[in-house]
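Heads up, the thing below is written out as structure tokens.
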Amino acid sequence: MIKFSNVSLIYPNSQQTVIEDLSFTVSEGELVLVMGPTGIGKSSVLRLINGLVPHHTGGILAGDISVNGISTHSVKPGGLAHLIGIVGQNPLHGFVTDTVEEELAFGMETLNMPSDVMRKRVEEILDLLSLAPLRNRTIATLSGGEQQRVAIGSALVMHPKVLVLDEPTSALDPIAAEEVLSILHRLVHDLGLTVIISEHKLERVIQFADRIIHIQGDGHTRIGTPQEIFADSDLAPPIIHLARAMQLSEIPLTVRDMRRMTQTKRKELVDGSVLAPIENSKTESLVTLKQVTINYGKKNAISDVSLSISSGEIIAVMGRNGAGKSSLLRAIVGASTVDKGDVLVAKKNPFLLQGRERTQLIGFIPQEPSDLLYRQSVADECSQADQDNHVVAGTTLTLLQELVPGISSHTHPRDLSEGQRLGLALCVVLSGSPKILVLDEPTRGLDYSAKKTLVSLLKEIALGQERAVIIATHDVELVAEVATRVVFIAEGEIVADGPVAQVLLSSPAFAPQVAKVMSPSPWLTINDVIEAMKRNQ
Amino acid sequence: MNRSLHPLVWWIWAGAMATAVAMTSSISIAIAVVGVTAIVVRNKAEETPWAASFSWSLKMGLWVIAIRVLTGVLIGVPMPGRKILTLPVIPLPHWMAGIRIGGPVTLERLTSTAHDGIMIASIIALLGAAASLSSPHRLLRSMPVMVYEFGVSVVIATSILPQFVTSISRIKQAQRLRGHESTGLLSWRRIALPLFEETLSRSLDLAAAMDSRGYGFTRKRSKYRQDRWTSKDYLLCGIAMVSLAKPELLVLVAAVSALVVAP
């Protein structure tokens, strides 16, 4: 169905080839996962399939790509619209119309399909993706998962043979992600659709993949079944690392596989397991929320929330898309006023803090870290931060080089990869040595190695330097690794607040992979299991 | 389903009213019409990102008035009449003869520049009302194939404007949280750079998405649900046309239109 023969790609004004001599064939009805570290060219590979690269971006393409026998050299993306459906990284940026029904019809309108065909197909898709209750809704008011489903629907409605998705679940909570992926799985099996998907959160997708294209940093690419790839790939989800740590001979792709393979081993471990005691150090509270209520117009975002956070804690704020996580964070950092109740950070009202006083107390990394950056180069950005925070010149740059080595200080912040940009924003904020650090969805678009660096940094900040860290995130694996406490929000109310193991283990959807495998033992991370095995020996 | 007006109606209506305002050249009529329009916008605008266009156009209008009055008073030929105050004249090199900065300010000069400013501001406000009342996306789809390329660029530009507004406030807030108070010209540089970056990448995303969905590939387009002209649409356009024929009836026309669309 899709054939890449000796494809190499170089973008204009760049010395490095993005892809070198890539050849592979995808046959009909396959679900292929494209994986690799951030900024390696996964999106480029996906956009090559329908010719957006290089027709839309410029660049030189060598070799040939053909889809269903049509070469993308000769046909523009529009000419492949009936054959390939593509869903971008942020579906909201790609919507052309306002309402769900109109959006579904848009592609067919442009291809001049008769109106009765359109009516029939729209109804089909509404049923297939269970979008019928949303048909007249304004797209902007839908949740992330619903938007993703609309985007998939508006691609499917053209009856394409190939569906291409760029990180379809990276912005979604675990439940919405599962919804989207199970729909894809069904489409592949029922309709024989060919699906190409890229994703960082491998634990969510590998069980659905027939084959994996692993783009490695050094220009090499490996293609194989998940078993072949994960036999020795460093880039792997927790379950694979766990299997390696437990020295299993087979490679498990699902929690079920893993549980079957480890039945005896787990029994041995259970006896020796002890839940690490939770240190209940009652230090003075750094952040206090007293019966806080926030409304947006008539909508109630946060209602009657009380919370107290001390230094040394890493708090993960979790919940579904739109549950009120961001509103809570905004109240804590003083981005918005609250309608009722009090917010105190180090006994001060965060909304009134300004300038230096603010940067010493609160560091905030917004969902788009680039909002904070405005200088022309990394070096300028760092010296600006030094100047703002009255620290010795070079402090921020040194910090950055420790955290994310290998960034050229002349690079424009825009040209950094997602992870590098987050690193830069973090260093800018940290140079003010704030007492609390607040991060909104920091792991969107981060690969495992960048996440690892982030985890050790956050631990160092909170535990080593006696500060508090608050993270809003969907990433359960990150929470399992880093958090000391989890606050779970639903419909603007705190429904659970407690030590990380207690909260994560009590909810099957939000439990990390390791916990699902090792249940009922209360271990969240691979390290927990390794230590338990050591104790057992 | 509650059917709203044809997306072109408000633009035709606002265009006709704006022309009529320019034709009457009367401040009181202009202000009255803008007032009635404000009521219409308050009643009819839905909760959409572009609904804020009207209040933005009002703010822009105030700026226009201020700038027009300021330049009119400072620069240019003095108008004979009652002197209010005399500003010091800034000496200019002899080759700029005929241009004068400062000097006596007369009441006539002041009122005539204010008059011009208000006229321009009310025209901007009327077009802003049209922008906040009709969906740019629906407008795009009702474009005839003939003016299609042009229509696309205009509509993309107008649909990016509201995103622009939300992005500005988001970036401003992030900057404030970095400890930068957003005052003065310097803060503009801080906001402008991330803003343009984001707007550019969003437009590219949208263009790529439209491209890969076959937009512009065939000249012919079918319509899923035709935006049909209803009697109410014709009525509103007809009423607006009356104001073109008889500009002195403008306020009446505005009031009648407000009643026609009233729930």
- What do you reckon, is B:I124 in a loop (DSSP other than H, G, I, E, B), aliphatic (A, V, I, L, M) and out of contact with any strand residue (DSSP E or B) (no Cβ under 6 Å at 6 or more places or on another chain)? no
- Message: With more than 14 Å from every other protein chain (Cβ to nearest Cβ), out of contact with any Lys or Arg (no Cβ under 9 Å at 6 or more places or on another chain) and among the aromatic types (F, W, Y) as the only criterion, which of B:W50, B:W56 stands out?
- Response: B:W56
- Message: Exactly one condition in (1) touching a Leu at 6+ places or on another chain (Cβ under 7 Å); (2) part of a strand (DSSP E or B); (3) surrounded by fewer than 22 Cβ atoms within 10 Å (Cβ to Cβ) is false for A:L187; which is it?
- Response: (2)
- If you go through the stretch A:215-244, how many residues are open to solvent by 10 Å² or more (accessible area, probe 1.4 Å) and not in a loop (DSSP other than H, G, I, E, B)? 9
- Out of the stretch A:377-391, which residues are surrounded by fewer than 21 Cβ atoms within 10 Å (Cβ to Cβ) and in a helix (DSSP H, G or I)? A:A379, A:D380, A:S383, A:Q384, A:D386, A:Q387, A:D388
- Item | Only one of A:G419, A:G423, A:G394 that is of a type outside the set (D, E, K, R), away from chain B (no Cβ under 14 Å) and farther than 27 Å from A:L328 by Cβ | A:G394
- Item | Tally, over the stretch A:507-529, of residues that are open to solvent by less than 10 Å² (accessible area, probe 1.4 Å), under 16 Å from A:E268 (Cα atoms) and part of a helix (DSSP H, G or I) | 3
- What number of residues in the stretch A:45-60 are within 30 Å of A:T443 (Cα to Cα), of a type outside the set (K, R) and open to solvent by 10 Å² or more (accessible area, probe 1.4 Å)? 5
- Mind telling me which of the residues B:G35, B:G61, B:G98 ends up being touching a helix residue (DSSP H, G or I) at 6+ places or on another chain (Cβ under 7 Å), away from chain A (no Cβ under 14 Å) and of a type in the set (G, A, S)? B:G61
- Query: Which of the residues belonging to the stretch A:74-115 are of a type in the set (V, I, T), over 27 Å from A:R444 (Cα atoms) and within 7 Å of chain B (Cβ to nearest Cβ)?
  - Reply: A:T110
- Message: For a quick check of your reading: which helices (runs of 4 or more DSSP H) sit entirely within the stretch B:183-263 and have at least 1 residues that are more than 14 Å from every other protein chain (Cβ to nearest Cβ), among the hydroxyl-bearing types (S, T, Y) and closer than 16 Å to B:I12 by Cα?
- Response: B:231-245, B:250-261
- Pick from the stretch A:427-478 the residues that are open to solvent by less than 10 Å² (accessible area, probe 1.4 Å), touching a helix residue (DSSP H, G or I) at 6+ places or on another chain (Cβ under 7 Å) and assigned to a helix (DSSP H, G or I): which of them is nearest to A:A176 (Cα to Cα)? A:L478
- Are any residues in the stretch A:411-451 of a type in the set (G, A, S) and more than 21 Å from A:R358 (Cα to Cα), and if so, which ones? A:S417, A:G419, A:G445, A:S449, A:A450
- Item | Scan of the stretch A:26-60 for residues that are within 14 Å of another protein chain (Cβ to nearest Cβ) and not in a loop (DSSP other than H, G, I, E, B), ordered by number | A:S43, A:S44, A:L46, A:R47, A:L48, A:I49, A:L52, A:V53, A:P54, A:H55
- Filter result for the condition that a residue is open to solvent by less than 30 Å² (accessible area, probe 1.4 Å) and modelled with pLDDT under 80, over B:S187, B:S182, B:S257: B:S187
- Pairs, please: C-beta under 6 Å, at least 6 apart or cross-chain, first residue modelled with pLDDT of 85 or more and in the stretch A:9-20, second of a type in the set (A, V, I, L, M) and open to solvent by 60 Å² or more (accessible area, probe 1.4 Å)? A:I10/A:I60
- Message: Residues to consider are B:I31, B:I99, B:I65; find the one that is open to solvent by less than 50 Å² (accessible area, probe 1.4 Å) and either outside any loop (DSSP other than H, G, I, E, B) or more than 29 Å from B:R138 (Cα to Cα) (or both).
- Response: B:I65
- Kindly indicate which of B:A114, B:A130 is at pLDDT 85 or above, assigned to a helix (DSSP H, G or I) and either open to solvent by 40 Å² or more (accessible area, probe 1.4 Å) or under 30 Å from A:F95 (Cα atoms) (or both). B:A130
- Message: I want to confirm something. Restricting to the stretch B:199-235 and keeping residues that are of a type in the set (S, T, N, Q) and open to solvent by 30 Å² or more (accessible area, probe 1.4 Å), which single residue is modelled with the lowest pLDDT?
- Response: B:Q226
- Query: Among the residues of the stretch A:479-497, which ones are more than 17 Å from A:I302 (Cα to Cα), in contact with a strand residue (DSSP E or B) (Cβ under 7 Å, 6 or more places away or on another chain), open to solvent by 20 Å² or more (accessible area, probe 1.4 Å) and not basic (K, R)?
  - Reply: A:T484
- Out of all the residues in the stretch B:35-43, is one or more at pLDDT below 80 and surrounded by fewer than 19 Cβ atoms within 10 Å (Cβ to Cβ)? no
- Note on the structure: Checked the stretch A:1-25 for anything in a strand (DSSP E or B), out of contact with any Lys or Arg (no Cβ under 9 Å at 6 or more places or on another chain) and either farther than 15 Å from A:L48 by Cβ or of a type in the set (S, T, Y) (or both); matches are A:S5, A:S8, A:T17
- Message: For the stretch A:452-473, which positions are among the polar types (S, T, N, Q) and within 17 Å of A:P405 (Cβ to Cβ)?
- Response: A:T453, A:S456
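The values are calculated or read from the model by the stated rules, or taken from the named source; none is laboratory data. This structure is a prediction, so every number in the text was calculated from the model and none was measured. Virtual Cβ from ideal backbone geometry, glycine too; neighbours counted across all protein chains shown. Heavy atoms of the whole protein, side chains included, go into the accessibility calculation; ligands, DNA and RNA do not. Shrake-Rupley method; radii C 1.70, N 1.55, O 1.52, S 1.80 Å.
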